[in-house]
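This report concerns only the one structure given below.
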Amino acid sequence: MANNDAAHPAAAPSAAPGTDAILEAIERHREADRPPPDQERESYLGFFLGAEVYGVPLHQLREVTRLTRLRRVPGTPPSIAGMVNLRGEIICVLDARAILGLPAPAPVASAFLVALRGFPDPLGLMVDSIADVYAIDPSQIEPPPTTWLAERAALFAGTARVREGLMGLLDLNKVVGA
């Protein structure tokens, strides 16, 4: 057997290719565990109404600004908060709370306007505050909870888990038509 051992060199020189194979396998594993690139995710602007977080697709966002000088329009439904002049353009401001059937808060001077795009008329949503921008993997979107009223659930494209909790993803075409 000593002759066989002498005929075969020690395993040390062949260890390098094995190490490369292991490193390649580790890299393949890391790539498989990486979240999909943002191109495959949909970005949403998150905002608060009270303690609840909601989101609108970022591609339908025009801009976000503090809501100032909101003019109420007599005789309009509760879903219309009023009109605002945004750099010379009159925007119809929808009350997100009223549309979603949430109770009206005590008057706040720090509400935000989420100006929207993609509609024939200039529109925006009145919201309490801004949360963050979230990149949501479409495979992580779930239907609205069954505990939500059907009329409310119909306004959502789904829900997603974010660090603040369950975020309702608004379907703006349904919200505007509501």
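Of the residues Val64, Ala98, Phe47, the one whose Cα sits farthest towards the positive end of the charge dipole of the stretch 47-129 is Val64 (charges of +1 on Lys and Arg Cβ, -1 on Asp and Glu Cβ, taken about the Cα centre).
Each 5 Å bin from 0 upward holds the following percent of the Cα-Cα pairs of the stretch 99-158: 4, 12, 15, 20, 26, 19, 5, 1.
A cut-off of 5 Å between modelled amide H atoms, ignoring neighbours fewer than 5 places along the same chain, links Ser43 with Leu58, Ile136.
A short reminder: the numbers here are calculations on the coordinates, not readings from a lab. Predicted model, so just to flag it, every value in this text is computed and none were measured. Every residue, glycine as well, gets a Cβ built from its backbone with ideal geometry; the counts of neighbours run over all protein chains shown.
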